[in-house]
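A short worksheet on the structure shown next.
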Amino acid sequence: MAMILGAFVGRCVDRLSEFIGGEMSMMLGVKDELKKLQRRMERISGFLESAERKRHEDWNINSWVVELKDVMYDADDIIDRCMIEGRIVTILSENHPSTSAVRDTSSSSFFSFGYLKFQHEIGDKIQELNDRLKEIKEDRSMFPALEYTKQSARVTGVNPRQTVSIVIKSDIVGTKIEDDTQSLVESLVKEDNKKYRILGIVGMGGIGKTTLASKIYNDERIEKNFPIRVWACISQDFSEIKLLKDIIRKAGGNYGEAETKEELIRCLYSTLSQRFFIILDDVWEKDVWAKLLRYAIENAAASGKILITTRNTNIARNIGADIHHVNKMDDDSCWKLLHKNVFGDDDEEEEISGLKEIGIKIVEKCDGLPLAVKVIAGVLRSMDRNTIEWNKVLESDAWSMSQLHEELPGALFLSYEDLPSDLKQCFLYCSLFPEDSKM
Ligand SMILES: Nc1ncnc2c1ncn2[C@@H]1O[C@H](COP(=O)(O)OP(=O)(O)OP(=O)(O)O)[C@@H](O)[C@H]1O
Ligand SMILES: [Mg+2]
């Protein structure tokens, strides 16, 4: 897992203080060197926030960060070793008080010899670390772009206003999604002679495919027309067996002891005995249809409609779906969405109108992606409501992180960048969970 340097250095400094404060650092004769190490880490840590941000743009800063990470891993190892040795020495001295090896390092026992060897080795290692850290600290002056952030001044807390939960009555904005829902529902409930028809809602990540699909799914005309309604989330690492069981269960069937794909497919088509509407949300490969569901649906007693959402037009085309593209949200709707998510139902019109101009510029940067707008709204909610703070978001260099631009909208990167380093670490930890899994 990626290491967030700021959080890691902070942890190393804390562990060092704990160790320096204990008896063992004195006994090892490394207290002074460790203090030096701690001081250097603390000084460097002020530049880490800026370095983590700028490393994506500047290859030299990136190398500097990589080198520092290396030293930090070694430092962490050394602190571990010191702590383990400390524990061993304590246990041994408790079990053999007569050896007095801990305090009397001149004892000739084997234990004392091992201890002296360790003392010597660890002393050398700490000194070497200190030298490497000194070099890194000196190299830092080659990067005048790195800004110093006073750690205590880092805004990690939350604006008290943010703690008030904002109740958003209706999360949906824009007339486009309403119009699309109407026309798509109408076409889905229209009688035709086909056994089944597939509708593909296609568009880039975060544009609102699932949101549109769920509006359709919950429309009362859909409820009335389709006695069997199933919502199945597919994702990238879906399991065929689990998916089939899920669909059967949601369609009101019972798969009993069935465990194989063939048994479950048979069970699915006998379950689909009334008009059905099945949504397959987030399809990443055509085989979900071709190898898993097609046979069951072609053989079902009833007819029905299938709706898939996917980022990939080719998949929808391959499955034989009628395609509906979800387009980017217009700036006006984006501003409404931002407004709703930052201010909720607050009516402080004066305050809001003072921020509108910057707010509109911010949403323009979200490039019509509602997900990006909501994420940025989350960042703005945690800040004071004034033009200075909002301008900081508008001017943030995270919007144009050149390397990440292709994979990640600037808004998402910015919201990540805004997290304090310990939360960044938590965030990365969460990213280890498979998509849509329960955490
Ligand atoms: N018209 C809208 N009004 C308000 N919020 C919206 C609208 N459309 C989408 N959103 C919000 O944007 C976010 C992303 O939408 P959604 O999950 O539907 O995107 P998606 O296209 O399905 O993305 P993915 O490809 O990652 O599955 C959600 O939080 C959703 O609530
Ligand atoms: Mg989706």
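The values are calculated or read from the model by the stated rules, or taken from the named source; none is laboratory data. Just so you know, these numbers come straight off a predicted model, no measurement behind them. All Cβ positions, even for glycine, are placed from backbone atoms using ideal geometry, and neighbour counts span all protein chains on display.
Among the listed residues Glu262, Glu257, Glu350, which satisfies the condition of being without any contact (Cβ under 8 Å) to a residue 12 or more places away in the chain and either assigned to a strand (DSSP E or B) or in contact with an Asp or Glu (Cβ under 9 Å, 6 or more places away or on another chain) (or both)?
Working: Glu262 fails: either assigned to a strand (DSSP E or B) or in contact with an Asp or Glu (Cβ under 9 Å, 6 or more places away or on another chain) (or both); Glu350 fails: either assigned to a strand (DSSP E or B) or in contact with an Asp or Glu (Cβ under 9 Å, 6 or more places away or on another chain) (or both).
Of the residues listed, the single one that is without any contact (Cβ under 8 Å) to a residue 12 or more places away in the chain and either assigned to a strand (DSSP E or B) or in contact with an Asp or Glu (Cβ under 9 Å, 6 or more places away or on another chain) (or both) is Glu257.
Out of everything in segment 206-250 that is part of a loop (DSSP other than H, G, I, E, B) and more than 13 Å from ligand 2 (Cβ to nearest atom), what residue ends up being surrounded by the most Cβ atoms within 10 Å (Cβ to Cβ)?
As a first pass, look at segment 206-250 and keep what is part of a loop (DSSP other than H, G, I, E, B): 206-208, 218-219, 226-227, 234-239.
If we keep only those that are more than 13 Å from ligand 2 (Cβ to nearest atom) as well, we get 218-219, 226-227, 237-239.
Values: Asn218: 12, Asp219: 18, Phe226: 20, Pro227: 15, Asp237: 10, Phe238: 22, Ser239: 9.
Result: Phe238.
Conditions tested, residue by residue: (1) in contact with a helix residue (DSSP H, G or I) (Cβ under 9 Å, 6 or more places away or on another chain); (2) at pLDDT 80 or above; (3) at positive phi.
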position	(1), (2), (3)
Gly46	yes, no, no
Lys54	yes, no, no
Ser63	no, yes, no
Ala75	yes, yes, no
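Return the pair list, or none, for Cβ contacts closer than 6 Å from residues in segment 37-51 that are within 11 Å of Val65 (Cβ to Cβ) to residues that are of a type in the set (A, V, I, L, M), at least 6 apart or on different chains.
Phe47/Leu146; Leu48/Leu5; Ser50/Leu146; Ala51/Ile61; Ala51/Val65; Ala51/Leu146
In segment 186-205, what residues are touching a residue at least 40 places away in the same chain (Cβ under 8 Å), more than 16 Å from ligand 2 (Cβ to nearest atom) and in a loop (DSSP other than H, G, I, E, B)?
Matches in segment 186-205: Lys194, Lys195.
From the set of residues in segment 265-288 that are part of a helix (DSSP H, G or I) and charged (D, E, K, R), which is nearest to Pro227 (Cα to Cα)? Spell out the reasoning first.
First pass over segment 265-288, keeping only residues part of a helix (DSSP H, G or I): 265-271, 287-288.
Those left that are additionally charged (D, E, K, R): 266, 287.
Values: Arg266: 20, Asp287: 27 Å.
That would be Arg266.
Residue-wise test of (1) at pLDDT below 95; (2) surrounded by fewer than 20 Cβ atoms within 10 Å (Cβ to Cβ); (3) in contact with a His (Cβ under 9 Å, 6 or more places away or on another chain).
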site: Glu259; (1), (2), (3): yes, yes, no
site: Leu272; (1), (2), (3): no, no, no
site: Phe276; (1), (2), (3): no, no, no
site: Asp282; (1), (2), (3): yes, no, no
site: Asp287; (1), (2), (3): yes, yes, no
site: Ala301; (1), (2), (3): yes, yes, no
site: Asp332; (1), (2), (3): yes, yes, no
site: Lys340; (1), (2), (3): yes, no, no
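Let's see how each residue does on (1) modelled with pLDDT under 70; (2) part of a loop (DSSP other than H, G, I, E, B); (3) within 16 Å of ligand 1 (Cβ to nearest atom):
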| position | (1), (2), (3) |
| --- | --- |
| Gly368 | no, yes, yes |
| Trp390 | no, no, no |
| Ser402 | yes, yes, no |
| Leu408 | yes, yes, yes |
